[in-house]
Amino acid sequence: MTEHKLPTLPYAYDVLEPYIDARTMEIHYSKHHQTYVNNLNAAIEKHKEFGDVTAENLIKSLGSVPEDIRVAVRNSAGGHANHSMFWQVMKPKAEAEPTGKLSENIGKTFGSFKSFQETFTKTALAQFGSGWAWLSFTNLGGLEVHSTPNQNSPLEEGLIPLLCLDIWEHAYYLKYQNRRPEYVEKWWNVVNWEKVDENYLAAAGHSLLKI
Ligand code: MN3
C-alpha cells in the first residue's frame, strides 16, 4: 500500500503575486490540500485493497468503491486530484493564450479565445457556493466549459479535465474577500497555457477521434 502524498509545489508561494498572494498559496497548499490527502489516506486505511489505486482512478470508478468510504473518497480523492492539477495549470509570467491544436479547437468551439474566456468566467461566477470551473475534453474530441460543486471531478462524468479554477472561498478570501469576479479576472494572468496545451495533447492521444 502506497500512501497518497502532497505533490511538490512547482514554484514558491509568492511567485503568483500580485494575483494570488503568498499567504493564500501557503495555507491553500500546505493546509487545505494536505487535509484532502490525509482524509484520503484515512479512508483507504479501511479498505487496503485500494491502497495502490491513484486518486484519479478512484474517482473514475467511484461505483466500485465500498459504500462506507465512497463519500469520503469522492471528496478527498477529488480534492487531492483537483488541487494537484490546479497548481500545475498556474505559473508566473504566463502566456496570454494557448497555441497550436488547443487554440484551434477553442476557436472552433467557442468562436474565439475571448469568447471562451467569457464563457469560462461566466461559468465560474455562476457556480453557487464552493466548487470548480473547468475546461474539459470530451471523449468525442470536443471541449466543454462547465463547473462542479464541492470537490467533484469531471472524471466522474467521463470528461478529461484540461484546466481548472478553484472557486472555493479559501482560494481567494484573504486577498479578495467577497470579490470572486475580481479573483477570476486576475487569475487569467497566471494560467499556464503551456501546461494546458500539454494536457490537451495527452487527452487527445487517448481520444476515440483524431484531432
Ligand atoms: Mn481549494
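Bear in mind these aren't lab numbers, they're just calculated from the coordinates by the rules spelled out. These numbers were taken from a predicted model, which means no experiment stands behind them. Ideal geometry is used to build each Cβ from the backbone, glycine not excepted, and the neighbour counts take in all protein chains shown.
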Separation between Cα centres of the range 162-195 and the range 43-95, rounded to whole Å: 21
In the range 74-124, the trypsin sites (Lys or Arg not before Pro) that fall in loop regions by DSSP, at most 14 other Cβ within 10 Å: Lys93
Where labels lie 7 Å past Cα in the beta-carbon direction, separation of Lys5 and Thr35 in nm: 2.4
Residue of Ala12, Ala72, Ala55 that the Gaussian network model of the chain assigns the largest fluctuation, springs spanning Cα pairs under 10 Å: Ala12
Inter-site label distance for Thr109 and Leu125 at 7 Å from Cα along Cβ, in nm: 2.1
Amide H within-cut-off set for Met90, under 5 Å, with H built and near neighbours excluded: Asn192
Efficiency of FRET between Thr99 and Arg179 - r from beta-carbon atoms, R0 25 angstrom, step 0.05: 0.20
Binned Cα-Cα distances of the chain, short to long, each 10 Å bin given as a whole percent: 8, 34, 37, 18, 2
Alpha-carbon Rg with Dmax, taken over the range 74-118, Å: 14.0, 36
Test item: Cα-centred dipole of the chain, Lys/Arg +1 and Asp/Glu -1 on Cβ, debye: 200
Cα-based radius of gyration of the range 22-88 once divided by 2.2 N^0.38 Å, which approximates compact folds: 1.12
Top positive-direction residue, dipole computed over the chain with Cβ charges, set Thr8, Trp193, Ala96: Ala96
Positive-end extreme of charge dipole, the range 100-206 - chosen from Pro181, Ser136, Pro149 (charges on Cβ): Pro181
